[in-house]
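Written below as structure tokens is the structure these notes are about.
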Amino acid sequence: MTAGVSTACLYPMETEKALRSLAEAGAKNIEIFLNTHCELRKPYLGDMLDCIREYGLNITSVHPYTCGVEPMMLFTAYERRLNDMIGYYKRFFGFMGKVGAKYFILHGNKPENSFPVEAEFENFARLQKAAREMGVEVLRENVARCTSGKLSYMLEMKRYLGDMASFVLDTKQAVRAGEDPIEAAKALGDSIKHIHYSESGKKGDCLPCGCGDRNPAVFFETLKSVGFDGAVILELYADGYTGGAKALAENCRMIAEYL
């Protein structure tokens, strides 16, 4: 297991600047959150590639800005929209090949978009197939406001799709959905490829490592017990911490010590 941090923690700082700020603070494993379409191309892509080479960064994953349109574009019976969105996400997969990222983070459908659950799984599988053909992997995230928020949904997806189903477990989103992150890790097992980490407690549900009410070691030991060997990515909102990139890198080092 490795410890890392997301550029999303520094939002609304521009993505390439957030990447460099984290690198300068000493972070080595980084998830890139792309905030708009132009960041897939030069000059922003070039700036990120320069930073990756200069600091020897490992880009673990890429998170797209397009979560809001996924229900309409991916989880639809309108074939042209689905094909267009898969085609669009191939641009992200190409970006991932350039920066060396393995995992693509997908929020998915929302409950208010009524769509048959098995059709959701089938459409996800089509996207997964396109990703794997380009050497990357799509991970479904357990987002509280999405259909994937409930553990029961994720388990059904795993049963239906088998090894086509892979997940990112977000600890704060599990808490917000009324799920226990430790029990979710046990249940999903080796289908979990990536972690979005934060802690919860009396001060909030998206806190830095060491600021929650639970011993972080218990969660990390659970991950180890189910065979997880991926990246634990610190993902905090701007109102959940102070100190900028330096504080994020220091907290990332704390996670690494636990791991």
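The values are calculated or read from the model by the stated rules, or taken from the named source; none is laboratory data. All of these numbers come straight from a predicted model, not from anything done at the bench. Counting neighbours? That spans all protein chains shown, and the Cβs are built from the backbone with ideal geometry, glycine included. Remember, those area values only see protein heavy atoms, side chains included, never the ligands or the DNA or RNA. Shrake-Rupley method; radii C 1.70, N 1.55, O 1.52, S 1.80 Å.
If I filter segment 191-210 for residues that are under 22 Å from T7 (Cα atoms), in a helix (DSSP H, G or I) and over 16 Å from the mean Cα position of the chain (by Cα), do I get at least one hit?
no
Mind listing whichever residues of segment 127-185 are of a type in the set (K, R) and under 19 Å from V218 (Cβ atoms)?
Passing the criteria: only K172.
Filter segment 231-241 for residues that are in contact with a strand residue (DSSP E or B) (Cβ under 7 Å, 6 or more places away or on another chain) and surrounded by fewer than 20 Cβ atoms within 10 Å (Cβ to Cβ); which is nearest to Q173 (Cα to Cα)?
The extreme case among them is Y237.
Residues are listed down the side, and each one gets a yes or a no for (1) open to solvent by 20 Å² or more (accessible area, probe 1.4 Å); (2) touching a residue at least 60 places away in the same chain (Cβ under 8 Å); (3) hydroxyl-bearing (S, T, Y):
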residue: G4; (1), (2), (3): no, yes, no
residue: L34; (1), (2), (3): no, yes, no
residue: I59; (1), (2), (3): no, no, no
residue: T66; (1), (2), (3): no, no, yes
residue: M72; (1), (2), (3): yes, no, no
residue: E79; (1), (2), (3): yes, no, no
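Restricting to segment 196-220, name every residue that is charged (D, E, K, R) and either in contact with a Ser or Thr (Cβ under 6 Å, 6 or more places away or on another chain) or modelled with pLDDT of 95 or more (or both).
So in segment 196-220, the residues charged (D, E, K, R) come out as 199, 202-203, 205, 213-214.
Hit for segment 196-220 is E199, nothing else.
Looking at G204, G210, which one is closer than 19 Å to A247 by Cβ, of a type in the set (G, A, S), open to solvent by 10 Å² or more (accessible area, probe 1.4 Å) and out of contact with any strand residue (DSSP E or B) (no Cβ under 8 Å at 6 or more places or on another chain)?
Values: G210 fails: out of contact with any strand residue (DSSP E or B) (no Cβ under 8 Å at 6 or more places or on another chain).
Of G204, G210, the one residue that is closer than 19 Å to A247 by Cβ, of a type in the set (G, A, S), open to solvent by 10 Å² or more (accessible area, probe 1.4 Å) and out of contact with any strand residue (DSSP E or B) (no Cβ under 8 Å at 6 or more places or on another chain) is G204.
Tell me, please, whether a residue that is at pLDDT 95 or above, of a type in the set (F, W, Y) and open to solvent by 10 Å² or more (accessible area, probe 1.4 Å) can be found in segment 91-106.
Yes, that holds for at least one residue.
From the list V218, V175, V226, pick out the single residue that is β-branched (V, I, T), free of Cβ contacts under 8 Å to residues at least 60 places away in the same chain and within 21 Å of Y103 (Cβ to Cβ).
V226
Do we have G26 as closer than 22 Å to A245 by Cβ and part of a loop (DSSP other than H, G, I, E, B) here?
Yes.
Please determine whether any residue of segment 30-48 is assigned to a helix (DSSP H, G or I), hydroxyl-bearing (S, T, Y) and out of contact with any Asp or Glu (no Cβ under 8 Å at 6 or more places or on another chain).
Filtering segment 30-48 for residues assigned to a helix (DSSP H, G or I) gives 37-40, 44-48.
Within this subset, residues satisfying the condition of being hydroxyl-bearing (S, T, Y) are 44.
After this cut, where a residue has to be out of contact with any Asp or Glu (no Cβ under 8 Å at 6 or more places or on another chain) as well, the list is none.
No, because not a single residue in segment 30-48 is assigned to a helix (DSSP H, G or I), hydroxyl-bearing (S, T, Y) and out of contact with any Asp or Glu (no Cβ under 8 Å at 6 or more places or on another chain).
Just give me the residues in segment 50-104 being out of contact with any strand residue (DSSP E or B) (no Cβ under 8 Å at 6 or more places or on another chain), of a type in the set (A, V, I, L, M) and in a helix (DSSP H, G or I), in sequence order.
Hits for segment 50-104 are V69, M72, M73, L82, M85, I86.
Somewhere in segment 122-142, is a residue part of a loop (DSSP other than H, G, I, E, B), hydrophobic (A, V, I, L, M, F, W, C), modelled with pLDDT of 95 or more and over 19 Å from K193 (Cβ atoms)? Let's see the steps before the verdict.
Let us first name the residues in segment 122-142 that are part of a loop (DSSP other than H, G, I, E, B), namely 134-136, 142.
Remaining after also requiring hydrophobic (A, V, I, L, M, F, W, C): 134, 136.
Narrowing the set further to residues that are modelled with pLDDT of 95 or more leaves 134, 136.
So of that shortlist, the ones also over 19 Å from K193 (Cβ atoms) come out as none.
Within segment 122-142, not a single residue is part of a loop (DSSP other than H, G, I, E, B), hydrophobic (A, V, I, L, M, F, W, C), modelled with pLDDT of 95 or more and over 19 Å from K193 (Cβ atoms).
Report, by residue number, each residue of segment 135-186 that is among the charged types (D, E, K, R) and open to solvent by 40 Å² or more (accessible area, probe 1.4 Å).
If the condition is that a residue be among the charged types (D, E, K, R) and open to solvent by 40 Å² or more (accessible area, probe 1.4 Å), then R145, K150, E156, K158, R159, D163, R176, E179, D180, E183, K186 are the ones that fit.
Restrict the check to segment 121-134 and report whether at least one residue is open to solvent by 20 Å² or more (accessible area, probe 1.4 Å) and more than 27 Å from Y78 (Cβ to Cβ).
No, that holds for no residue.
Suppose the filter is touching a Phe, Trp or Tyr at 6+ places or on another chain (Cβ under 9 Å) and part of a helix (DSSP H, G or I); does E156 pass it?
Here the answer is yes, as E156 does meet what is asked.
Just to verify a result, which residue in segment 242-259, among those that are open to solvent by less than 50 Å² (accessible area, probe 1.4 Å) and not hydrophobic (A, V, I, L, M, F, W, C), is nearest to the chain's Cα centre (by Cα)?
So the residue we want is N251.
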